[in-house]
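The structure appears below as structure tokens.
The values are calculated or read from the model by the stated rules, or taken from the named source; none is laboratory data. No experiment lies behind these values; they were computed from the predicted model shown. Please note: Cβ atoms are built from the backbone with ideal geometry, for glycine as well, and neighbour counts cover all protein chains shown.
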Amino acid sequence: MNTIYILWLRQLKRYFRSRSRIIGSLGQPILFLVALGFGLGPTFQKAGQGNYIQFLVPGIVAMSVLFTAVFSGIEIIWDRQFGFLKETLVAPVSRFEIMIGRTLGGATVAMIQGIIVFGLSFLAGFRPTGWGEIGLAFVFMFLTATLFTAVGTAIASVLEDMQGFQLIMNFLIMPLFFLSGALFPLDNLPGVLKVIISLDPLSYGVDGMRGALEGISHFGLTTDFCILAVMTLVTLAIGSYLFSKIQL
């Protein structure tokens, strides 16, 4: 347990020491929130869907969590190239504890980032329908963060360098975001798209946060929670196995 705590704390220290990283990672969520929220807001309202800012914010928070979480996992590649990972792996502790510590640290960082974006959304006019459900939204946020930090760890465990990173961004991370229902309602979609969205794990994180904050849920909060929890455990198991096979 000490190893898990130390690695968790190390991830937090690394995050708070890099002010440029904190500020830089807020650029894209704020751009999406302002450009899409106010740009498409009138069209969304004319279509009878209500306030687009209210609809959009859970998706933008999920986007911030997704990107930060995956990047936290992929930091393993940097640590491997600069020798920091070797120092950790030669310690007399199990690789499982190392992986869990790093994952929890990365998930906490991603959740902090999501909370910051959530706080900034109030400046754009967002208001949750029920203040008492914010805690439930944070539960979905943490599950989403843990899931995708483990995904990042699993990817980083099989990549030798950063050359494949752009491929991952274009063919995994961006499709996961755009096909999660973060930017558009999931009602009345074509059948094929519905199937794809139902297979996207981020869909349940977005839907869970939207249900908690606005009382609007496509899949149902119980379904969102159960699927996210199961997928998080499965991904942690896969990430742990791949991490244990890293060759230095």
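A few remarks follow.
- Cβ pairs under 6 Å, 6+ apart, first in segment 116-136 and touching a residue at least 40 places away in the same chain (Cβ under 8 Å), second surrounded by 17 or more Cβ atoms within 10 Å (Cβ to Cβ) and among the polar types (S, T, N, Q): 117/64
- Residues that are surrounded by 20 or more Cβ atoms within 10 Å (Cβ to Cβ) and farther than 19 Å from residue 240 by Cα are absent from segment 4-12.
- Candidates are the residues of segment 75-84 that are surrounded by fewer than 23 Cβ atoms within 10 Å (Cβ to Cβ) and not basic (Lys, Arg); the one that is nearest to residue 159 (Cα to Cα) is 77.
- Helices (runs of 4 or more DSSP H) (entirely within segment 149-214) containing at least 1 residues that are touching a residue at least 60 places away in the same chain (Cβ under 8 Å) and either over 13 Å from the mean Cα position of the chain (by Cα) or surrounded by 24 or more Cβ atoms within 10 Å (Cβ to Cβ) (or both): 165-168, 201-214
- Residue identified as in contact with a helix residue (DSSP H, G or I) (Cβ under 6 Å, 6 or more places away or on another chain), crowded, with 24+ Cβ neighbours inside 10 Å and modelled with pLDDT of 90 or more among 70, 61: 61
- For segment 39-65, the set of residues classified as among the hydrophobic types (A, V, I, L, M, F, W, C) and either in contact (Cβ under 8 Å) with a residue 24 or more places away in the chain or farther than 14 Å from residue 183 by Cα (or both) consists of 47, 53, 55, 56, 57, 60, 61, 62, 63, 65, listed by residue number.
- Those residues of segment 85-130 which are at pLDDT below 90, β-branched (Val, Ile, Thr) and either surrounded by fewer than 18 Cβ atoms within 10 Å (Cβ to Cβ) or on the phi > 0 side of the Ramachandran plot (or both), in sequence order: 90, 93, 129
- Filtered by the rule that a residue be farther than 16 Å from residue 62 by Cα and either buried (at least 19 other Cβ atoms within 10 Å of the Cβ) or in contact with an Asp or Glu (Cβ under 8 Å, 6 or more places away or on another chain) (or both), segment 232-248 gives 235, 236, 239, 240, 243.
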